[in-house]
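Here the structure comes first, spelled out in structure tokens, and everything after it is commentary.
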Amino acid sequence: MEKLYLVLENGQIFEGKSFGAEGEITGEIVFSTAMTGYLETITDPSYFGQIVVQTFPLIGNYGVIPSDFESDRPYLKAYVVREWCQEPSNFRCEGNLDTFLKDMNVIGLYDIDTRQLTKIIREYGVMNAKITKSIDNIDEIIKELKGYKIVDAVKGATCKEMKVFNENGEKHVVLMDFGEKANIQRELIKRGCKVTVVPSYTKASEILAMNPDGIMLSNGPGDPAENVEVIEEIKALVESKTPIFGICLGHQLTALSQGATTSKLKYGHRGGNQPVKETATGRVYITSQNHGYAVNADSLPENAELSWVNVNDGTCEGVSYKNAPVYTVQFHPEACGGPQDTMFLFDKFINVMGGTK
């Protein structure tokens, strides 16, 4: 296997081996603590522009299962693991991880001490990194890393045209796609909804003209504050008093549309073991999460109520709005892969839209 180097923005260097596609790449390096669901991680559009480090040591043991994908292709820049399994075993397996990454042109790096790497990211914070074949020009690499920035993430992850699923569904939900995970629409369809997926740049007037029973605002990548035009459209959607359910980036964009602010977390929340507390009941749920930004709870306007908080660091995990049937969460209730503790929020959305027959 070819030798590769992982160079961090802070100057630290890891030596590893290549799998997947060949080449060199620059991206923002983040880690996920998920113990399962590596296929969902690799195909989650929220990782647009990022190099993902998997803390779980063995990856690829159940192979590649296309029906578990969260999108049609990976959006991450590269995938870093301790060890990858060359001979997967699962009755649903349709291929191996190495071949899949080659086919998708995603660079893989293994034989890295991912425990040490994760501790560095936790202590230093999220930073840029480069996977390269040579470190002879290390000063130039560090300069390049300090100048790298993910831009137009939502534009790069959204669908390009409208798509309709479950045409004869009882409730009509318009799903704004900012880089949506496919399991969001699966959960809506499972509850009898017709789902119309629209690109992120769709105007509020176009959405309201479809006369939907509800509007879903999806997850997605990047800095939420970058999406100025989208935020204005969401503001109009909230004013329409149509039921709205926002997840992850959808949660952040809704808060921004109501006058709140967001900020970047030191190393984000990524994995399937994040505890969140519902403020109304005090009950704690374990959730799946993938985000690097958070809504600043102290910036919420009077019409907004903090409904969920992160037990670990106290950050905002959910907001309910008093002036409209709108509620949003930072975590992933569709949870693929991950715990399904908060799946009931989809049932709540159905009830807000008037329930089912």
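Key figures for this structure:
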| quantity | calculated |
| --- | --- |
| Qualifying positions in region 306-357 - modelled with pLDDT of 95 or more and small (G, A, S) | S307, G314, G318, S320, A324 |
| Strands (runs of 3 or more DSSP E) contained entirely in region 250-342, each with at least 3 residues that are open to solvent by 30 Å² or more (accessible area, probe 1.4 Å) | 262-278, 284-295 |
| Residue satisfying all of: in region 39-58; open to solvent by 10 Å² or more (accessible area, probe 1.4 Å) and among the aromatic types (F, W, Y); farthest from the chain's Cα centre (by Cα) among these | F56 |
| Leading residue by the ranking (least open to solvent (accessible area, probe 1.4 Å)) among those in region 226-249 that are under 21 Å from the mean Cα position of the chain (by Cα) and free of Cβ contacts under 8 Å to residues at least 60 places away in the same chain | I234 |
| Residue in region 83-93 that is in a loop (DSSP other than H, G, I, E, B), within 24 Å of the chain's Cα centre (by Cα) and not small (G, A, S) present | no |
| Test set (1) in contact with a strand residue (DSSP E or B) (Cβ under 9 Å, 6 or more places away or on another chain); (2) open to solvent by less than 40 Å² (accessible area, probe 1.4 Å); (3) aliphatic (A, V, I, L, M) - A153 fails condition number | (1) |
| For G214: the one exception among (1) of a type in the set (G, A, S); (2) over 21 Å from S71 (Cα atoms); (3) under 18 Å from the mean Cα position of the chain (by Cα) | (3) |
| Counted residues, region 69-83 - those being open to solvent by 20 Å² or more (accessible area, probe 1.4 Å) and of a type in the set (A, V, I, L, M, F, W, C) | 1 |
| Residue match in region 115-129 (condition: under 30 Å from E229 (Cα atoms) and surrounded by fewer than 17 Cβ atoms within 10 Å (Cβ to Cβ)) | yes |
| Members of region 59-68 that are within 11 Å of E40 (Cα to Cα) and buried (at least 19 other Cβ atoms within 10 Å of the Cβ) | V64 |
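The values are calculated or read from the model by the stated rules, or taken from the named source; none is laboratory data. In this text, all values refer to a predicted model and were calculated from it rather than measured experimentally. FYI the Cβ positions are ideal-geometry reconstructions off the backbone, even for glycines, and counts take in every protein chain you see. Protein only, heavy atoms only, side chains kept; ligands, DNA and RNA dropped before computing areas. Shrake-Rupley method; radii C 1.70, N 1.55, O 1.52, S 1.80 Å.
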